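Enquirer: This is the structure I have questions about; it appears just below.
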Amino acid sequence: MKRVVFAVLLCLPATAADADLILYNGRVVTVDAAFRIMEAIAIKAGRITAAGTSAEVLKGERSPRTKVVDLGGKTVLPGLIDAHVHALEAGLSEFRGSLPVLDSIAAIQNYIRAAAHSRPKGAWIVVPRTLPPRLKEMRFPTKQDLDVTTDHPVAFDGSYVWGANSLALKISGITRDTPNPSGGEIVKGPDGEPNGILRNASQLLKGVARAETFSDEDKVAALAKMLQLYAAAGLTTVGDRAVTPAEVAVFEKLKARQQLPVRVVMTWRINAARPVEEVVSEIRASSWTTNQGDDWLRFGTFKVTLDGGQSVGTAYQRMPYGSFGRQLYGQTDPDARGTLFIGAEKLYRIMGAARDKGWQLTAHVQGGGAIDTLLDVFQRLDHEKPIAPSRSHVMHGSFMSEDALNRMQRMGVLVDVQPGWLYFDVPALKRVFGLENMRYFFPLRSYIDRGIIVAGGSDHMIGHDKNGAVNAFNPFFNMWASITRRTREGEVIYPQEKITRQEALKMWTIWAAYLQFGEKTRGSIEPGKFADLVVVDRDYLSCAEDEIRRIEPVATIVNGQVVSGRL
Ligand SMILES: [Zn+2]
């Protein structure tokens, strides 16, 4: 202990030239207030101590013990921040084996055929979770699609909606006369027979194995692996957006072993599908609140899930799902608008209780109806006490509106966005809702022009491959999607909402840090901040636009240490 204090005293004079590491002859994109580009940086004890020209930094910061690295002109960016991941779930998803890429009904059928070969007759085959809007055919598979084996019952996991083949229906005793379970539906084909689509009714499938189980050590290992993959993708901080007390314990275990390769900001998602008194008393009894923890692991936001998802046809919309909703989600009521899980009054009481405990607030909201409900509640809270200082935000907010944008601006509400969905989901969603209803689908330009802080994220939840995962967590792909607004069909969706490369980079650095109350220590390359950086193989600011998504990290540095790649 004594020696540490002594060392600190020795390097107190600002002129002490004793950096641990100097990176020079690079193109250092600082993302400081003036967006300055430098050539070199010096790092000491996990912090940036200087940024400037190569000559300045080498002259002012170098000592005989300093490690000096010539970047050879390579670009350095502030460590990237993904404001929205689900690290443990994603880590476990391929912990025991890799998942197939299922991007078409043909690919699903190949998966089923291969599985049928390798297991005994009668054994269930479950197609891993797949989102129909991302299938080439843009339709929900029916029993006919899944009948490529007649010897095995087959279930297709589409999250809220499941598919079943003929044998699975037969084994489960599901016929045209089976009553719908409460809140669910056995969808019928034109012949009046069940067509295999089970909306919120997968519990009717008999004998299908669901969740795998994992030991605590499995979970720690899966989480460590996932966080390492984030580091390899150039991320130095992630916001985990739905932790339970059990998951917090896994993160804490990893931290206690000093095995966190990246910083983590945790969002507590409470189960609000209970009587409001129960939810409120859990909030009051909890010892957690925003910013509790340290620079490696801390609490960020309090969250509830307010509506369903656009990828499963349950996001709570201002407009109906219409006839394409039937093809895509097995939605039989063309007037259906999705599901709001929590009414406004209940939401107000829950959010009020969390606010009173000092929490930053958010809710999963995808449909416009859910966004409006959340903003109504924020407005009530804002009348009682200004909400802006809490940096509360809309999460996803896929289907914005002019009115919602104006209200966010007035109250100082931020947003956490997933621009990768422009690429993946717009082709199907515009067929469901019509192009005119996509006008404010991730309206990045509108946010920024109103001064609304936008944090970039992926909502990564399944898979280890940064480009193939659901959702792709390659930050360069997501920045490219923000800049180009290009869909997987090649169309540019509402080009007036395009943003610049500089703005996209801010979404994955300083603005995401701001949402996490971390902008004083992270999100830009400036003396005094943590040495969280990524060295990349192409110049982000000047490479061809289509190259942006192909940028690869060369080295990721967190707290001054190389955690992935090499210098
Ligand atoms: Zn999420």
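The values are calculated or read from the model by the stated rules, or taken from the named source; none is laboratory data. Model, not experiment: these values are computed from the prediction. All Cβ positions, glycine included, derive from the backbone under ideal geometry; neighbour counts span all protein chains shown. We work out accessible area using only protein heavy atoms, side chains counted, and drop any ligands, DNA or RNA first. Shrake-Rupley method; radii C 1.70, N 1.55, O 1.52, S 1.80 Å.
Enquirer: Quick one: net charge around F477, please, counting Lys, Arg +1 and Asp, Glu -1 for every other residue with C-beta under 10 Å from its C-beta.
Expert: Around F477, the charge tally is +3.
Enquirer: Among G397, T301, G420, whose Cα lies farthest out toward the positive end of the dipole of the chain, if unit charges sit on the beta carbon of Lys, Arg (+1) and Asp, Glu (-1)?
Expert: T301
Enquirer: How much net charge surrounds G234 when only other residues with a Cβ under 10 Å from its Cβ are counted (Lys, Arg +1; Asp, Glu -1)? Don't skip to the end; give the middle numbers.
Expert: On the way: positive: K466; negative: D82, E552.
It works out to a net charge of -1.
Enquirer: I've got another one for you. How big is D for the range 45-109, in µm² s⁻¹ as a whole number, if Stokes-Einstein is applied with the Kirkwood radius of its Cα pairs at 20 °C and 1.002 mPa s?
Expert: On the way: Rh = 17.4 Å.
Estimated via Stokes-Einstein, D reaches 123 µm²/s.
Enquirer: Just the C-alpha atoms of the range 77-208: what Rg/Rh do they give, with Rh taken as the Kirkwood radius? Intermediate values should be presented prior to the final figure.
Expert: Details: Rg = 16.5 Å, Rh = 15.9 Å.
Ratio value, two decimals: 1.04.
Enquirer: With labels modelled as points extended 7 Å from the Cα through the Cβ direction, what inter-label distance (nm, one decimal) is found for Q144 paired with A45?
Expert: 7.1 nm
Enquirer: Something else about it: Compute the acute angle (0 to 90°) between the alpha-carbon long axis of helix 420-433 and the principal axis of greatest extent of the alpha-carbon atoms of the chain; round to the nearest 10°.
Expert: Rounded to the nearest ten degrees, it is 30.
Enquirer: OK, next. Between the helical axis of 368-384 and the dominant principal axis of the chain, each derived from Cα atoms, what acute angle in degrees is found, rounded to the nearest 10?
Expert: Helix 368-384 sits roughly 50 degrees off the main axis of the chain.
Enquirer: Once the cut-off is 13 Å, how many percent of the Cα-Cα pairs in the range 503-550 end up in the long-distance tail?
Expert: Distances greater than 13 Å cover 62 percent of the Cα pairs.
Enquirer: Between D294 and Q561, what FRET efficiency follows from the Cβ-Cβ distance if R0 is 22 Å, with the result rounded to 0.05?
Expert: Plugging the Cβ-Cβ distance into 1/(1 + (r/R0)^6) gives 0.85.
Enquirer: Quick one: helix 475-484 against the long Cα principal axis of the chain, what's the angle to the nearest 10°, folded into 0 to 90?
Expert: With both axes taken from Cα atoms, the answer is about 80 degrees.
Enquirer: From the residues V187, T237, A209, which one has its Cα farthest along the dipole of the range 179-241 in the positive direction, the dipole being from +1 and -1 charges on Cβ of Lys/Arg and Asp/Glu about the Cα centre?
Expert: V187
Enquirer: Take peptides 290-297, 506-513 and line them up by average Cβ neighbours within 10 Å, highest first, as a rough protection proxy.
Expert: Result, highest mean Cβ count within 10 Å first: 506-513, 290-297.
Enquirer: Then there is this: Above 17 Å lies some portion of the pair distances; for the range 349-456, what is it as a whole percent of all C-alpha pairs?
Expert: Counting every Cα pair in the range 349-456, those more than 17 Å apart make up 50 percent.
Enquirer: Over all distinct alpha-carbon pairs, what is the Kirkwood Rh of the chain in angstrom? Before the final figure, lay out the partial values.
Expert: Working: mean 1/r = 0.0400 Å⁻¹.
Evaluated over the chain, this radius sits at 25.0 Å.
Enquirer: Full extension from R274 to A544: what is 0.36 nm times the residue separation minus their Cα-Cα distance, to one decimal in nm?
Expert: 92.1 nm
Enquirer: Sequence neighbours fewer than 8 away in the same chain don't count; with that in mind, list the aspartates and glutamates whose C-alpha is under 18 Å from K206.
Expert: The reachable aspartates and glutamates, counting only those whose Cα sits under 18 Å from K206, are D147, D151, D157, D177, E185.
Enquirer: For a quick size check, give me the Cα extents of the range 187-327 along its three principal axes, largest first, whole Å.
Expert: If we take the Cα atoms of the range 187-327, the spans are 61, 36, 32 Å.
Enquirer: Further, regarding this structure: Just the Kirkwood number for the range 265-414, please: inverse of mean 1/r across all distinct Cα pairs, in Å, one decimal. Before the final figure, lay out the partial values.
Expert: Values: mean 1/r = 0.0626 Å⁻¹.
One decimal place: 16.0 Å for the Kirkwood radius.
Enquirer: Using only the alpha carbons, work out the radius of gyration and Dmax of the range 458-567 in angstrom.
Expert: Using the Cα atoms of the range 458-567, the pair Rg, Dmax is 14.8, 45 Å.
Enquirer: Continuing with this model, one more query. Just by accessible area at a 1.4 angstrom probe, what is the order of S202, S182 from largest to smallest? Show your work: numbers first, answer last.
Expert: On the way: S202 20, S182 115 Å².
The residues order as S182, S202, largest area first.
Enquirer: What net charge is computed for the residues neighbouring E545, neighbours being all others with C-beta under 10 Å from the C-beta of E545, Lys and Arg scored +1, Asp and Glu -1?
Expert: Once all neighbours under 10 Å are counted, the net charge is +1.
Enquirer: Here's something else I'd like to know. Quick check on the chain: of the DSSP beta bridges with both residues there, what percent are antiparallel, nearest 5%?
Expert: Around 50 percent of the beta bridges assigned by DSSP in the chain are antiparallel ones.
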